[in-house]
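Report on the following structure.
What follows draws every value from the coordinates through simple rules; no lab data is involved. Since we're looking at a predicted model, the values are computed, not measured. Ideal geometry is used to build each Cβ from the backbone, glycine not excepted, and the neighbour counts take in all protein chains shown.
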Amino acid sequence: MRGRTLSAGIALAVFAGMTVTLATQPATASPSTTTTAVTRPIAAAAAALAAPDISITNVQAHLTQFNAIATSNGGNRRAGSAGYTASLNYVKTRLQSAGYTVSEQYCSSCRYPSNNLIAEWPGGPADQVVMFGAHLDGVSAGPGINDNATGSSTLLENALVLAAQNPTVTKRVRFAWWTDEEQGLNGSRFYVNSLSATQRGYIKGYYNFDMVGSTNGGYFINRVSSTTAAPLKAYWDSLGLQPEENVEGQGRSDDYYFQQAGIPTSGYAAGASARKTSAQAAKWGGTANSAYDPCYHRSCDTTANVSATVLNRAADGVAYALWQLAVGGGTPTCTGGQVVGNGGFESGSTPWTASSGVITNASGQPARTGSYKAWLNGYGSTRTESLSQSVTLPAGCSTYTLSFWLHIDTAETTSSTAYDRLTVQAGSTTLATYSNLNAATGYVQRSLNAAAFAGQTVTLRFTGTEDSSLQTTFVIDDVTLQAS
């Protein structure tokens with residue numbers, strides 16, 4: 001993203017030159033085996049919405065290549081530099097091998113004259129084009145990985161997946177990687193100006209992706225309330241992200257001249273040097289009153305300066321939008337219902353994975369209903385036990401509620417120190433933590449919001465940890481995860 005907003009008059013002068021785990025110990029004193037669940041984040045929302053899952057590992061591999069290119073070429077990928085040329089050749093080679101029609105457009109009016117890269121997938125009507133673009137250049141201060149290898153890599157991997165799946169397309173799909181964005185949007189401006197009025201009319205939507213992996217990032221959409229933005233917003237809405245307008249990026253990236261030419265535009269961004277508000281931090285996590293990207297236009301903008309979570313959600317959102325616009329798929333609909341299997345533990349252990357003896361009908365602690373429950377800890381010695389199940393939450397629902405009944409019994413006498421703990425997680429995210437301080441007579445129903453995992457497959461995990469003395473028992477029964 002370029003560093004400042006220019007007025008139209010100034011711009012003309014200057015331009016001419018983006019596992020829930022419950023762990024507890026059972027009442028028996030037999031040795032336990034701690035089960036470690038391996039959570040594989042899956043963008044199942046994309047699959048549920050008829051779009052492919054874009055591998056974050058593959059996107060990160062492209063980032064690594066761009067970082068290596070900068071390292072080998074003076075530490076940057078500035079337009080017109082050897083680093084930029086190597087970056088363009090990397091993208092071009094991959095696209096040509098995948099079957100794209102690829103062309104380079106020399107930008108003679110750029111501050112650093114160099115080439116845009118345009119790639120078109122064969123198929124679809126030539127007068128019905130949806131276009132996805134990102135700037136390939138960075139600033140001279142650093143390798144430019146979040147700004148903007150993230151956008152470039154997101155589009156490259158989406159392009160490669162489209163080629164690999166080779167679906168029948170209803171529109172022509174065109175990708176672009178722009179030069180000289182950091183000097184004033186010069187590459188994209190040159191491209192738009194090179195189009196005839198008829199050619200501009202063929203482009204039914206241009207989608208821009210600039211800085212989509214900021215480490216303290218937010219979820220921003222250009223012209224978020226527009227019809228053009230609808231598929232991008234629909235995907236993030238299905239994840240419960242509550243995206244906002246990209247106020248910081250207005251007029252500062254390559255969608256600007258498309259918009260000025262009357263072409264409908266939108267796009268994702270995760271934020272640059274502006275600071276995250278307290279409300280945004282409460283909604284999205286991260287640090288309030290700190291920059292979305294602390295390494296914006298600095299030498300530390302390396303592969304370490306990228307949030308895999310933010311980047312993954314952008315990459316999958318691009319896939320969803322592309323499939324909706326050019327392949328077809330329909331909007332997400334809520335299938336609803338209960339997604340946890342054997343929540344009362346009465347049907348054996350399947351589909352749960354648990355430490356030895358955790359799922360039990362032992363009489364020392366009664367079940368809330370039926371005979372079986374999950375009994376974690378209660379040994380009065382150092383111990384960790386777990387209970388987990390992989391669950392898939394449907395996309396498009398209004399509410400996602402994880403509910404379970406929990407009984408905590410303890411011999412701890414303190415009223416201030418949490419010695420023994422039960423952690424509830426979805427994937428790698430901790431939803432709640434309970435301890436000996438929450439001990440109570442009988443079962444207490446606990447309800448947690450799981451909307452952030454809509455459209456995803458995650459491991460629901462309960463993990464109980466107990467210190468070296470004085471027992472605490474965590475007993476769980478009647479687990480549900482309801483989407484509606």
Exercise for review: With N denoting the number of residues in segment 337-483, provide Rg(C-alpha) divided by 2.2 N^0.38 Å, to two decimal places.
Suggested key: 1.02
Review point. Roughly what % antiparallel, to the nearest 5, for the DSSP beta bridges in the chain?
Key: 75
Practice item. Averaging sequence separations of C-alpha pairs under 8 Å and six or more residues apart, then dividing by the length of segment 50-327, give the relative contact order as a whole percent. Key: 24
Point to revise | 14 Å beta-carbon shell around Leu117, net charge (K/R +1, D/E -1) | key: -2
Point to revise | From the coordinates shown, Rg and Dmax of the Cα atoms in Å corresponds to which of (1) 23.2, 79; (2) 24.3, 84; (3) 25.8, 82 | key: (3)
Practice item. Just need the relative contact order of segment 97-218 here, percent rounded to a whole number, with Cα pairs under 8 Å and 6+ apart. Key: 37
Practice item. Mind putting a number on the dipole of the chain about its Cα centre? Charges go on the C-beta only, +1 for Lys and Arg and -1 for Asp and Glu, and I need it in Debye to the nearest 20. Key: 800
Practice item. From the P(r) of segment 50-327, can you give the percent of Cα pairs sitting at distances over 23 Å? Key: 47
Study note, to complete from the structure: The number of Lys pairs in the chain whose alpha carbons lie under 25 Å apart, excluding pairs fewer than 8 residues apart on one chain, is 7
Study note, to complete from the structure: In deg cm²/dmol, rounded to the nearest 500, the helical mean residue ellipticity at 222 nm of the chain, built from -39500 (n - 2.57) for every DSSP H run of length 4 or more, is -7000 deg cm²/dmol
Point to revise | Label point at Thr433 placed 7 Å out along Cα→Cβ; residues across segment 266-297 whose backbone nitrogen lies under 13 Å | key: none
Review point. Does segment 201-279 come out rounded, prolate or oblate by the C-alpha gyration tensor, with a ≥ b ≥ c the root eigenvalues, rounded set by a/c under 1.5 and, if not, prolate when a/b is larger than b/c and oblate if not?
Key: oblate
Practice item. Two decimals is fine: what's Rg over Rh for segment 132-268, C-alpha atoms, Kirkwood radius as Rh? Key: 0.95
Practice item. Please give the peptides 464-472, 282-290 ranked by average Cβ packing (other Cβ atoms within 10 Å per residue), highest first, as a rough proxy for protection. Key: 464-472, 282-290
